[in-house]
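J.: Below is a structure I'd like to ask you about.
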Amino acid sequence: MKEIFEAKGKKAGALTIKMILENKYFVTMNHKKIRRLMHKFNHKATIRQPKPYKKIAKATHEQTT
């Protein structure tokens, strides 16, 4: 798991690691366990999270030009 995280340049989340483990290494592991291990070893994905309020503002915007 650590090798996958390092190889992806710290941009691999728990679900990405899960898919790589299943497809490349034929290891079946729950994504919740992968998240626990990531927290234990202090691995944090550096992917920007979307802002939910921006989507809500666009959806409730009445007048569009």
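The values are calculated or read from the model by the stated rules, or taken from the named source; none is laboratory data. Worth saying up front: this structure is predicted, and the values here are computed from it rather than measured. Here Cβ is always computed from backbone atoms with ideal geometry, including for glycine, and neighbour counts include all displayed protein chains. For accessibility, only protein heavy atoms count, side chains too; no ligands or nucleic acids. Shrake-Rupley method; radii C 1.70, N 1.55, O 1.52, S 1.80 Å.
J.: Using only Cα atoms, tell me the angle between helix 14-24 and the longest principal axis of the chain; keep it within 0 to 90° and round to the nearest 10.
T.: 50 degrees
J.: Counting each DSSP H run of 4 or more residues in the chain as -39500 (n - 2.57), what helix-only mean residue ellipticity at 222 nm follows after dividing by all residues, to the nearest 500 deg cm²/dmol? Mind dumping the intermediate values first?
T.: Working: 4 runs with 35 residues, N = 65.
That calculation yields -15000 deg cm²/dmol at 222 nm.
J.: So, by mean Cβ neighbours within 10 angstrom, what's the order for 54-61, 41-48 with the highest one leading?
T.: My ranking of the peptides, most packed first, is 41-48, 54-61.
J.: Moving on. Looking at [x] 16.9, 52; [y] 11.4, 35; [z] 25.5, 77, which value of Rg and Dmax of the Cα atoms in Å comes from a calculation on the structure shown?
T.: For Rg and Dmax of the Cα atoms in Å, the calculated option is [x].
J.: Run the accessible area of the chain with a 1.4 Å probe and give the carbon-and-sulfur part as a rounded percent.
T.: Numbers: 3330 of 6070 Å².
Of the solvent-accessible surface of the chain, carbon and sulfur hold 55 percent.
J.: Please turn the phi angles of the stretch 25-36 into ³J(HN,Hα) values with the Karplus equation 6.51 cos²θ - 1.76 cosθ + 1.60 (θ = phi - 60°), one per residue in order, whole Hz, x for glycine and proline.
T.: Values per residue, Gly and Pro as x: 9, 6, 10, 9, 9, 6, 5, 5, 5, 5, 5, 4 Hz.
J.: Determine the dipole magnitude for the chain: charges of +1 sit on the beta-carbon of Lys and Arg, -1 on that of Asp and Glu, nothing else is charged, the reference point is the Cα centre, and the result goes in debye to the nearest 20. Walk me through the intermediate numbers first.
T.: Values: 17 positive and 4 negative charges, 47 e Å.
About 220 debye.
J.: Okay, moving on. Just the number please: accessible area per residue for the chain, 1.4 Å probe, all protein chains included, in Å². Don't skip to the answer; put the middle values down first.
T.: Numbers: 6070 Å² over 65 residues.
On a per-residue basis, the chain sits at 93 Å².
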